[in-house]
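Peer 1: Here it is, the structure, as structure tokens.
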Amino acid sequence: MDPMSCARTRPDLYISADVETDGPIPGAYSLLAFGLAAVGRYDGARFERWQPREHTFYRELRPISDRYQQDALDVNGLDRERLRREGADPATAIRDAAKWVEMLSDGHRPVLVAYPVAFDWAFLYWYFETFAPGGSPFGHSSCLDIRTQYQTLAGTVFDLSGKATMPPFLQPATAHTHNALDDAVEQGELFANLLEWATRQRNATARGNGEESMPSWLAPHSAVIA
């Protein structure tokens, strides 16, 4: 890689996200609540883990359509009628969230992490692109899926890569409550546990090969993580 490109590489800032909705797709259905929790920063060699509730953002939103699925509401426990009266204006809440991400990630690449990222990303990306003047602060693709991260590290098949199958040392301390902020914190803890595990494995492999630990974009070859 060009040394100048290496010099311009930003460290990642990981932000865990969780959404609660009243249906399966954005636009036709509404984002009712979302939580963001900054997990920490990583420069390719060292992961600096942040306290799980040190930097967070949470909003409950007014629905944008009349369509909803009752089973979704049964899961998250949110009251659409209350949110019609008391929920934040979606445009204002999303603009505030975009500013929060941009301010917090100054000098870093903000990367959204979620479990599963496909669902949370779909709603947040649609809302950012619809309501935030600058669009998504994560761009169109800066996201990571926590389940995929575990499957890659553990070498398992998809059916054996859920949270229930992960070893105890990876499990988060925070309970899964279906409150978007609680769940963002919980998933952020899981992501941080996985990243620390990966870093330990990589460093152990490097030491076994007589190599110095170094940022991944400078390494002469990819280390194999057992």
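FYI, it's all coordinate maths here, none of it is from the lab. What you see is a predicted model, and the numbers here were worked out from it, not measured in a lab. A quick note on method: Cβ atoms are made from the backbone with ideal geometry, for glycine too, and the neighbour counts reach across all protein chains shown.
Peer 1: In deg cm²/dmol and to the nearest 500, what is the mean residue ellipticity at 222 nm of the chain if only DSSP H runs of at least 4 residues count, each as -39500 (n - 2.57), divided by the residue total? Each step should come with its number before you reach the end.
Peer 2: Numbers: 7 runs with 88 residues, N = 226.
Taking each H run of at least 4 residues, the total per residue is -12000 deg cm²/dmol.
Peer 1: Let me ask something additional. By average Cβ neighbour count within 10 Å, what is the ranking of 103-109, 57-63, 130-136 from highest down? Let's see the in-between values first.
Peer 2: Working: 103-109: 13.4, 57-63: 19.9, 130-136: 15.3.
The peptides rank, most packed first, as 57-63, 130-136, 103-109.
Peer 1: Now for a different question. May I ask you to order 137-143, 16-22, 170-176 by the average number of other C-beta atoms within 10 Å around their residues, highest value first?
Peer 2: Details: 137-143: 16.3, 16-22: 25.3, 170-176: 14.3.
With the highest mean Cβ count within 10 Å placed first, the list reads 16-22, 137-143, 170-176.
Peer 1: What is the local net charge at E186, summed over the other residues whose Cβ is closer than 12 Å to its Cβ (Lys, Arg +1; Asp, Glu -1)?
Peer 2: Details: positive: R53, K163; negative: D18, D182, D183, E189.
Local net charge: -2.
Peer 1: Run the numbers on region 3-208 and let me know its relative contact order in percent, using alpha-carbon pairs under 8 Å that are six or more apart. Walk me through the intermediate numbers first.
Peer 2: Details: 362 pairs, mean separation 53.5, N = 206.
RCO, region 3-208: 26 percent.
Peer 1: Using +1 at the C-beta of Lys and Arg and -1 at the C-beta of Asp and Glu, which of S105, A175, H55 has the Cα lying farthest in the positive direction of the dipole of region 3-208?
Peer 2: S105
Peer 1: Relative to the Cα centre, what is the charge dipole magnitude of the chain, using +1 at the beta carbon of each Lys and Arg, -1 at the beta carbon of each Asp and Glu, and rounding to the nearest 20 debye?
Peer 2: Dipole about the Cα centre, nearest 20: 440 debye.
Peer 1: What is the sum of charges, Lys and Arg at +1 and Asp and Glu at -1, for the other residues whose Cβ falls under 15 Å from the Cβ of S161?
Peer 2: On the way: positive: R147, K163; negative: D145, D159.
That works out to 0.
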